[in-house]
Structure formats: C-alpha cells, structure tokens
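Heads up, the thing below is written out as structure tokens.
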Amino acid sequence: MAEIIEINAFSEEHTNAQELSPRQIVAELDRYIVGQEEAKRAVAIALRNRVRRMRVRDPIRKEILPKNILMIGPTGVGKTEISRRLASLVKAPFLKVEATKYTEVGYVGRDVESMIRDLAEVSVQMVRQEAIEKIKHEAERAVEERILDALVGAAPVGADEERHASWRHTRERFRERLRAGQLEDYYIEIRVKRESPFSQVNVFSAEGIEQMGVDMSELLEKFMPPVFINKRLKIREAREVLFNQEADKLINHDEIKRQALQRAEELGIIFIDEIDKIAAGGREERYGPGVSRQGVQRDLLPILEGSTVRTRYGNLRTDNILFIAAGAFTMAKPSDLIPELQGRLPIRVELKPLTKEDFRRILKEPEDALTKQYQALMATEGLRLEFTDDALDAIAEIAFQLNERLENIGARRLHTVMEKLMEDIAFETCDLPEPKTFTIDAAYVQAKLKGIVEDLDLSRYIL
C-alpha cells in the first residue's frame, strides 16, 4: 500500500480548500448553480482526487494522473459556470479557451500550446497578487513616506536640532492631513521608470507566436540601464504608481515564478469549450476544414497526455493539469472525436436541459440570482424592488416557452427576458423624488411580455 504523508499546502486558502470533501464541494457549488448534480459530483471527485494524490509518496504518485472530464449538454446549462466556480473555490489557476480558435492559426492548429502559456500567465498573476497582499501594509507605509518626502522634502542635512524639530513637526502635520484625505488633489513630482520600447516583443517560432516581453526586457536591461523621468501627478494618482514601485522592491520575483509554475502544474484547470465543433464531420472527413479540425485534435493529445511546454517563466509540465472539455454535440457526437482524444477524456457527464422549475430556482436560490442583482442595482437609486412568487413563476414559464419555440439557449434566456421586463423601471428610476418600493407581480410580467411572447416573429428579434 502507498505511504501517506502530510500535504505541503500552497497557502492557507488552499489548506482550507483541501479539507473539503466531495459532498462539501457540491454544497458550495449549489450556492451558485442550480441542478446538474451529476456534473457537480464528477468535478468534486476530480478535485478531491488531486488532494489524495498529493498525500501519496513516490514512485506511485507519479503514475496517478487526473481523469479529464467531457461535459455534454446544450448551451446555457452550467458547463462553464461549474468549472469556473470550482477553480474559484480552491484558488486554482483557471483558463477557459475555445477549441475552435485553434483552427484560426494554421492548417493543423499549431498554437494549441498557447493555452498552457496563458495558464502560466494566470498563475503568475494570481501568486503575485497574493504576495502583494502579504506586504501591502509595508508597501503603503513606504508610499506614505515617499509622498511626504515630495511634499515636505527630505530631512535637512547638517542642520541644527531646532531646524530638525521644525521639519519633523511640519512632516507630522502633513502626515495627519494626508491620512485624513485632505491632500488628494495636491500635485507632487515623482520619479517613474520610463517604459522600455522592448517591453513587448513578439518572437515567431515553430510553436507559434511566443510573447517574451519580460525575459527580453530583463536581458536588454543588462546592456541598457533603465531611464527614470520626473512626472507631475495628483497624490491620488501618484499613490498607485508608488505602490507598484514599492511592492516590486519587496516581493521576490523568482520565488513568484517558481510557485506559480508549481501551482499551475499541480492545481491548474483548463476548460476547453466548443470541443464538439472540432469533431464536426467525423473522422471520415479527409478534405477541407475537417483536416484542420483533426489536426487540432492531434495537437491536443500530447497536452492532455502530459508534456513539457516552454513558457516565459520556465518549463511547465501538463501531466497534472485538469482538463474539462465541453460541447453541445448537436451536430456531432463524442465518438466523432479521434479515438486517442476520446481516451484522454475518460469521464463523461451529460448535463440536462433546464426545466421551468429550474428557471424558477435560478431566479430565486443562487447567491448571485438575477433578481438579487436587479434589486441591488435599483437600490442604489432609492428603489426597493420586490418580486412575488407568481412573478417568478411567470418569468420562468415565459423563458421556458421561448426556449422551446425558438433556439434553446438555456439560462441565458433569462437575461434577455429580465432585461426587457426591467426596461421601463431602469429608465425611470433616476427621476424618483424619494425612495419607494415597487412590487413586480405576475400581472406586471404579463403586461410587459405577453404581447411579445405571443408574436413569434417579434420574439425572434427581441427575446
């Protein structure tokens, strides 16, 4: 039996996430996504298996790879949202890509590896932001001192004690006013680094267009020292510039790159949408766009299987990245993918179309439900908005009918219906003389939407 060891967590947030059981992960997803229990269970198990793998010692640990997932279901039923919320839950680097975009680059989609480079970029930004949060207070103190230096000047050199005391007193008075926000519109002069003309350099290579801005600028700075210029800014604007300068001094850039690559390798999630579009035509298609589509599938194979991709931050292994592919598969079926790619997506999950009851729950239950969003928006104008239960039933019924009669676009239909329903309210709210309450009931919904819903031709263009 494999030996168990303690997990080396990346951060406190990851430690908390690693304590979540699959049941708890599903419960967290339920806060934002209605239904689709099978898909939630699949991603929850995949996430927990990552934690289990991290507890296993080598050599068997190297053989335990994530089981990639293929989600099958119509648009607007929660495929992307499940993956995005999962990544947010565990603070994992997350990237969504469209499989069809890789047919735009070349005949066989040579730029497939760019998704790994983009994931590395996301991971670096995530780790950098966490590092900045840790030194935020120290950087803010340094920024305050630099602003005071610009306002009052540095300590006088060679002055007597009386002049030093006067300088300190003046500085403390300005510090009080600065902290009180009384000097935000004062102009100060600060030294800023002029952006190098080599900060973004595109290098054309066999793998596609590789942006090497950071590496190239670091190389050129050895031969061309940075140029600083004086810039006059308001304190409110200068504070952000100075904060970035001080934060760059305090954080360890090499350590950030190392941790970011490690996090991308161990926790990265890539969501490949519209994968059914590169399966259209089946494996028998030998000419035209089918050749390009199959080329993209072939290029995806080594990425999903496990390979090393060169990024500007170093080499990144893809073995333990979790890939979640998704598609509606209305014009193709999963078996139209080349067999090798099918084998790289062993877990199949079918997401069900949304029912009228699902629409009603979407309007009411999630923490970011559409009704709650509109209530928050209108509250800023002094309007307290209320939705009755029969109004939610009417909205859900209309959205469901439109999906049945027109194109089924899933929960996205609610956005178009709600926007039309709220049109007059959103337009007139600014003119309210005083705060008031407005209740939306079934009668109001029918009055606003019934005519459009009954006119099928009009519905095609408006809803």
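Residues in the range 132-173 that are at negative phi and of a type in the set (Gly, Ala, Ser) were compared, and the one that is nearest to the chain's Cα centre (by Cα) is Ala139.
Those strands (runs of 3 or more DSSP E) of the range 191-279 in which 2 or more residues are surrounded by fewer than 16 Cβ atoms within 10 Å (Cβ to Cβ) and modelled with pLDDT of 80 or more occupy 228-234. Scanning the range 325-341 for residues that are in a helix (DSSP H, G or I) and over 27 Å from the mean Cα position of the chain (by Cα), we see that the one that is surrounded by the fewest Cβ atoms within 10 Å (Cβ to Cβ) is Pro339.
For (1) out of contact with any strand residue (DSSP E or B) (no Cβ under 7 Å at 6 or more places or on another chain); (2) assigned by TED's automatic domain parsing to the domain that holds Ala325; (3) modelled with pLDDT of 90 or more, each residue gets a yes or a no:
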{"position": "Glu367", "(1), (2), (3)": "yes, no, no"}
{"position": "Thr371", "(1), (2), (3)": "no, no, yes"}
{"position": "Ala376", "(1), (2), (3)": "yes, no, yes"}
{"position": "Leu383", "(1), (2), (3)": "no, no, no"}
{"position": "Glu386", "(1), (2), (3)": "no, no, yes"}
{"position": "Asp389", "(1), (2), (3)": "yes, no, yes"}
{"position": "Leu392", "(1), (2), (3)": "yes, no, yes"}
{"position": "Ala396", "(1), (2), (3)": "yes, no, yes"}
{"position": "Glu404", "(1), (2), (3)": "yes, no, no"}
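Consider Pro74 carefully, then state whether it is farther than 21 Å from Lys257 by Cα and not small (Gly, Ala, Ser). Against the criterion (farther than 21 Å from Lys257 by Cα and not small (Gly, Ala, Ser)), Pro74 qualifies.
The values are calculated or read from the model by the stated rules, or taken from the named source; none is laboratory data. Fair warning: this is a prediction, and the values are worked out from it, not measured in the lab. Heads up, the Cβs are rebuilt from the backbone with ideal geometry, glycines too, and the neighbour counts pull from every protein chain shown.
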